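Chemist: Quick one: structure below, then a few questions.
The values are calculated or read from the model by the stated rules, or taken from the named source; none is laboratory data. If you're wondering where the values come from, they're calculated on a predicted model, not measured in any experiment. Note that we place each Cβ from the backbone using ideal geometry, even for glycine, and neighbour counts take in every protein chain shown.
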Amino acid sequence: MRVDGLDHLVLTVRDVEAAIAHIRSCGVEIIEGPVDRTGARGPLRSIYIRDPDGNLIEIANAVVPGEGGGPC
């Protein structure tokens with residue numbers, strides 16, 4: 001999926017895996033992810049969903065080097 005910086009909203013969370021479990025329990029479709037991305041402040045682990053109006057939402061957590069879950 002091609003994502004431009006100005007066409008979606010990013011919500012940061014402490015634990016994207018917990019967010020995935022919650023989102024799935026609510027019956028929300030995850031469009032893509034989890035995937036590794038690079039954000040303005042460094043590496044992220046992200047998923048993508050759409051809100052009821054069709055807006056793209058990225059839910060991500062920062063990847064800390066040495067803690068796994070990402071490219072660093």
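Chemist: Can you name the residue in the stretch 1-16 that is closer than 12 Å to ILE57 by Cα and of a type in the set (A, V, I, L, M, F, W, C) and is also modelled with the highest pLDDT among such residues?
Modeler: Residue satisfying both the conditions and the ranking: LEU11.
Chemist: Being within 11 Å of the chain's Cα centre (by Cα) and not in a helix (DSSP H, G or I) is the filter; apply it to the stretch 20-37 and report the residue that is surrounded by the most Cβ atoms within 10 Å (Cβ to Cβ).
Modeler: If we take residues in the stretch 20-37 being within 11 Å of the chain's Cα centre (by Cα) and not in a helix (DSSP H, G or I), then PRO34 is surrounded by the most Cβ atoms within 10 Å (Cβ to Cβ).
Quick grid of which residues meet (1) within 11 Å of the chain's Cα centre (by Cα); (2) modelled with pLDDT of 95 or more; (3) surrounded by 11 or more Cβ atoms within 10 Å (Cβ to Cβ):
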{"position": "ALA18", "(1), (2), (3)": "no, yes, yes"}
{"position": "GLY42", "(1), (2), (3)": "no, no, yes"}
{"position": "SER46", "(1), (2), (3)": "yes, yes, yes"}
{"position": "ASN55", "(1), (2), (3)": "no, no, yes"}
{"position": "VAL63", "(1), (2), (3)": "no, no, yes"}
{"position": "GLY66", "(1), (2), (3)": "no, no, no"}
